[in-house]
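Quick notes on the structure that follows.
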Amino acid sequence: MIGSTVLGLDVGGSSVKYRLASAGQADGMPDAIAEGVAPALAEELPATLAELARTVSAGHRLAAVAVAIPGLVDEASGTVIRSSNVPALDGRALGPELSALLGVPVSILNDGRAAAVAEARWGAGAGERDVFTLALGTGIAGSHLVDGVIADGAHGSAGELGHVVVEPGGRLCSCGQRGCLETLLGAPALRRAWNAAGGEGSARELLAAYDEDDPRAVPIVRTAAQHLADAVLTLLALVDPGVVVVGGGLASAPHRLVELAAGYVAEQATFHRVPPIVPAELGRWAGAVGTAAEARALAARVVAA
Ligand SMILES: [Zn+2]
C-alpha cells in the first residue's frame, strides 16, 4: 500500500471539504497530502463527486474513499437515507455508485460521527480514553467515544444529548418531546430569544454581543449556559467521561458560552467527577480528517481481506 493514497470527502450543503492522505500511514492523524474546499455539488451527483475525487487525487494511486454526509445514512449498504442539506442524495446508494465510478471501495458515514471520531482521537480529546463530544448548531448532537470508537448503544442511537429534557412541558421539539435542550440551546432558539430581546441577527450575533457585555445578550447567554450545564451534569452522572469536547457551528464562534457552562458545572456538581469541558480543536476540518481516517481503515481492511 505504500505510495497509495486515500481520500476523505466531507459533503455539506454549501461546500465539500476534502483531505487526501497516505494509505500506508499506520495510525495518527491522517496527513494532508492535499486539503481544500470545493463548491457544493448539488447537480449530477455522484458523478461530480467522482470528478472531484479524480481531480484531488490526480498523480496519486487512490486506494479508498470515504464520504461524510449531513444526515441519516446506512453505513452497511452505503446508502443515504435522508439528508436535508443535500436532498439530491436522498435514497441514493451513494457508496456503491461512487465505487463503480472510481473503481475503489467507498464507505459512507454521517458527518457528525466522522467529526466526533477525529476530535476524540486527534483533536481536543486526544490522549483521553473516554470522550464525549457535543456539536452545537441548529441541532445538538452528541457522541460517546471509548478508545476512539463511538459507543452508540444497542440500536445506534445513543448520545442524543440535544433531546434530554431540561425544561419539562417546555417548547415542542422537532423530535416530538417538549423542553429538550435543543429547544433552548439550538441556534434557532437562541436567535428567537435574541430577536425577542431586540437584538439583530442570528445566534452568532448574540454570542458576539455577549462577548461585548451587551446587557440584552448577557441574560440570554447565561440562561443558555445554565441549560447546557444541566444537560452536562446529567451526562456526567450517566457516562462519567474523561473530557467533554464542545464543537459545532455555534461553538466555533466565541467560546465564552462553553466557558460559562463549564463554570456552572463546576459550581453545581456534587458527587460527579467533573472532567475538562473544552472547545473542539479541529474546527471545520474535523469531518474531513475523520473521513480520511475512515478511508484509510477501509483501505487496510481491503488489503487484509
Ligand atoms: Zn427533542
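The values are calculated or read from the model by the stated rules, or taken from the named source; none is laboratory data. In this text the structure is predicted, and so the values were computed from the model without any measurement. Neighbour counts run over all protein chains shown; Cβ positions are idealised from the backbone, glycine included.
Computed quantities for the displayed model
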| read-out | value |
| --- | --- |
| Residue identified as touching a Leu at 6+ places or on another chain (Cβ under 8 Å), assigned by TED's automatic domain parsing to the domain that holds I150, surrounded by fewer than 18 Cβ atoms within 10 Å (Cβ to Cβ) and β-branched (V, I, T) among V274, V245 | V274 |
| Filter result for R92 (of a type in the set (K, R), touching a residue at least 24 places away in the same chain (Cβ under 8 Å), surrounded by 14 or more Cβ atoms within 10 Å (Cβ to Cβ) and assigned to a loop (DSSP other than H, G, I, E, B)) | yes |
| Count of residues meeting criterion [in contact (Cβ under 8 Å) with a residue 40 or more places away in the chain, touching a Lys or Arg at 6+ places or on another chain (Cβ under 8 Å) and hydrophobic (A, V, I, L, M, F, W, C)] in the range 228-245 | 0 |
| Residue in the range 252-305 that is nearest to P241 (Cα to Cα), counting only those that are of a type in the set (S, T, N, Q) and not in a loop (DSSP other than H, G, I, E, B) | Q268 |
| When residues of the range 151-162 are limited to those that are buried (at least 20 other Cβ atoms within 10 Å of the Cβ) and on the phi < 0 side of the Ramachandran plot, the one nearest to the ligand (Cβ to nearest atom) | G162 |
| Qualifying residue in the range 56-77 (condition: among the hydroxyl-bearing types (S, T, Y) and surrounded by fewer than 14 Cβ atoms within 10 Å (Cβ to Cβ)) | yes |
| Among the residues listed as V73, V67, the single one being among the β-branched types (V, I, T), under 15 Å from R19 (Cα atoms) and assigned to a strand (DSSP E or B) | V67 |
| Residues within the range 170-193 that are loosely packed, with under 14 Cβ neighbours inside 10 Å and within 8 Å of the ligand (Cβ to nearest atom), tallied | 2 |
| Pair list, Cβ < 8 Å and 6+ apart or interchain, from the range 169-187 residues that are without any contact (Cβ under 8 Å) to a residue 24 or more places away in the chain to residues that are near the ligand (Cβ under 7 Å from one of its atoms) and assigned to a loop (DSSP other than H, G, I, E, B) | G179/C173; C180/C173; T183/C173 |
| Matching helices (runs of 4 or more DSSP H) fully within the range 156-245 where at least 3 residues are among the small types (G, A, S) | 187-196, 203-211, 217-239 |
| G125 being assigned to a loop (DSSP other than H, G, I, E, B) and within 16 Å of the ligand (Cβ to nearest atom) | no |
| All positions within the range 250-265 that are at pLDDT below 95, out of contact with any strand residue (DSSP E or B) (no Cβ under 7 Å at 6 or more places or on another chain) and surrounded by fewer than 23 Cβ atoms within 10 Å (Cβ to Cβ) | S252, A253, P254, R256, E259, L260 |
